[in-house]
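The values are calculated or read from the model by the stated rules, or taken from the named source; none is laboratory data. None of these values were measured; they are calculated from a predicted model. Don't worry about glycine lacking a Cβ; one is built from the backbone with ideal geometry, like all the others, and counts go over all protein chains shown.
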Amino acid sequence: MILIAVLFPSLSFLLRGKILTAILCFVLQIVIIGWIPASIWAVASLLDERNKKRTNKL
């Protein structure tokens, strides 16, 4: 899933059910220079979501 977040950041948000965030990320992706911040944002969001699930499980 991290590979998808790096290569296709908006798809990563879409697969996790965050439609508005995916649209905003796609707009950021359209600009070539915006691809890097979009990828970082997608990976950080993915890792944060995993950590929240792990913390709630404990």
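General remarks:
- Selection status of Ile40, surrounded by fewer than 16 Cβ atoms within 10 Å (Cβ to Cβ), within 9 Å of the chain's Cα centre (by Cα), assigned to a helix (DSSP H, G or I) and without any contact (Cβ under 8 Å) to a residue 12 or more places away in the chain: yes
- The stretch 39-58, residues that are modelled with pLDDT of 90 or more and aliphatic (A, V, I, L, M): Ile40, Ala42, Val43, Ala44, Leu46, Leu47
- Identity of the residue in the stretch 1-36, aromatic (Phe, Trp, Tyr) and assigned to a helix (DSSP H, G or I), that ends up nearest to Lys53 (Cα to Cα): Phe13
- Test for Ile33: is it more than 12 Å from the chain's Cα centre (by Cα) and modelled with pLDDT under 90: yes
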